[in-house]
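Notes to accompany the following structure.
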Amino acid sequence: MRVQTDAQLLSAISEGDRDALRTLHDRHAAWVTLRLRRRCSNSDVVADAVQDTFVAVWKSAARWDGRGEPAAWIWGIAIRRLIGALRSRDRWNRDRLTDVVPESDVITTAEDQVLLGIEHGDLAGALGQLSPELLAVVQATVLDGLTTREAAKLLGIPAGTVKTRMMRARTQMRGALA
Amino acid sequence: MSNEIWHAPEKLLDGFVADPGEIDSAAAASLEAHLLACDRCRGAVRARASESALEDSWHRVVAVIDTPRLSVVERVLIRLGVSESTARLLAGTPALSAAAAGSVAFVAAGFVASSRITESTGGFLVVAPLLPLLAVGAAFASVADPAGETAVPTPLQGVGLVLRRAAVILTAVFVILGAANLAIGGAGRAGRRMVAPGVGAPRWRAGARYVVPG
Ligand SMILES: [Zn+2]
């Protein structure tokens, strides 16, 4: 049997192929769930976010622009669903699901993007130098791809604080990676 | 290969899959970055996941995507006080909606045409009451949609479903004919005759020629 790439699956899903969604879910649900669990200890909230993520993929697969990694696109939806779930767990509106598909509004700099390409060991080393609060900000903005506002919501700190911590983190990492 | 690409070692993966806290956040964060770009390591995480948890997760997704969106008809029915599940049953199948609309339109058109031509609506009166039933039967025959699948688990419930749908279609026919009746005025008697058996009235009024069994 021919193995379909994630990109091929997304295009099949956009045409209503449920088996393709099932395959995509099977490939990605596990790591997405684990990664969300590292940001939210409530497993019910995480389960809701994962469910909504794949429902959003089902409805919005046609909106994937075909560039980059489908995994990154799925993660962008998942982390925003988690923020939505944390914000208003009881009364969030499922009809607005499609509104959370990320547009190209991520605010990280080219320098930040370089971080994503760094070898695992070096990245872990650079991140390891950071204090927990700076690491949390780098994780939310650079690795999770959130905007300043979204990161502020996820971490429960003011947007201004996200920005100043990000600046401090960049300075420290520049030193570590130099 | 001399330039081997890095992949997450078993121990790191085990720590990542175990409850959060087993590996430090810097190592986890950098593994997460790697996972975004690496099929093979995602597969390794997948292989460590609980099958039953993944199955549950999938069923939760299916539960949402298999629930049809509320149609205009359903929303109107809910506004009128019908419960959501009943509204889905009644309006859920496209075949039902089409058959109902077709039957109602045909009955109304036939009624208008025949009353224009003559007071005696003759053969049409005989056929008209059967049309809604045909519409319901046609609708019941199509159970391939999600609403149908969940609505007809047993033949016995299927009969109840036909009756409920029949009630709705007949109500619609009745309302439309009533409106047509008012609009046409003079042909009122013929219209009432036609409607009476359709809604199962034992006797409409003194002038009725039908006596419906039951
Ligand atoms: Zn890898």
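Per residue of B:39-49, count partner chain C-beta atoms within 10 Å of its C-beta, then hand back the mean as an integer. Write down the numbers at each step before the final one.
Working: counts 5, 0, 2, 7, 3, 2, 8, 6, 1, 3, 6.
Partner-chain Cβ atoms within 10 Å, mean over residues of B:39-49: 4.
Using R₀ = 30 Å, calculate the FRET efficiency as 1/(1 + (r/R₀)^6) where r is the Cβ-Cβ separation of B:K11 and A:K59; round to 0.05. E between B:K11 and A:K59, to the nearest 0.05, is 0.20.
Over the Cα atoms of region A:1-99, each weighted equally, I'd like the Debye log10 I(q)/I(0) at q = 0.17 Å⁻¹, rounded to two decimals. The computed values of log10 I(q)/I(0) come out as -0.72.
What the phi angles of region A:66-74 give under the Karplus curve with 6.51, -1.76 and 1.60, with θ = phi - 60°, is a coupling list of x, 9, x, 8, x, 4, 5, 5, 4 Hz, glycine and proline written as x. Label positions at B:A167 and A:E69, each projected 7 Å from the Cα along the C-beta direction, are separated by 5.6 nm.
In what order, largest first, do A:W58, A:W64 sit by accessible area if the probe radius is 1.4 Å?
Values: A:W58 60, A:W64 35 Å².
Most to least solvent-accessible, the answer reads A:W58, A:W64.
If I take R0 = 51 Å and measure r between the Cβ atoms of B:T86 and A:R174 in this structure, what FRET efficiency does the formula 1/(1 + (r/R0)^6) give, to the nearest 0.05? Can you show the working numbers first?
Numbers: r = 64 Å, r/R0 = 1.26.
After rounding, the FRET efficiency stands at 0.20.
Partner shielding of A:35-43 amounts to 3, given as the average count of beta-carbon atoms from other chains within 10 Å of each residue beta-carbon. For A:L146, the residues whose modelled amide H falls within less than 5 Å of its own, excluding neighbours fewer than 5 places apart on the same chain, are A:T141.
Each peptide among A:43-51, B:75-83 gets the average number of other Cβ atoms lying within 10 Å of its residues, and from highest to lowest they stand as A:43-51, B:75-83.
For the A and B pair, go ahead and give the buried accessible area with a 1.4 Å probe, both sides summed, in Å² to 100.
Details: alone 10230 and 13570 Å², together 20480 Å².
Roughly 3300 Å² of accessible surface disappears when A and B pair.
Protection proxy ranking of B:53-59, A:161-167, by the mean of other Cβ atoms within 10 Å over each peptide's residues and highest first, is A:161-167, B:53-59.
The values are calculated or read from the model by the stated rules, or taken from the named source; none is laboratory data. Being a predicted model, the structure only gives us computed values, none of them experimental. Neighbour counts run over all protein chains shown; Cβ positions are idealised from the backbone, glycine included. Areas reflect the complete protein model, heavy atoms only, side chains present, ligands, DNA and RNA absent. Shrake-Rupley method; radii C 1.70, N 1.55, O 1.52, S 1.80 Å.
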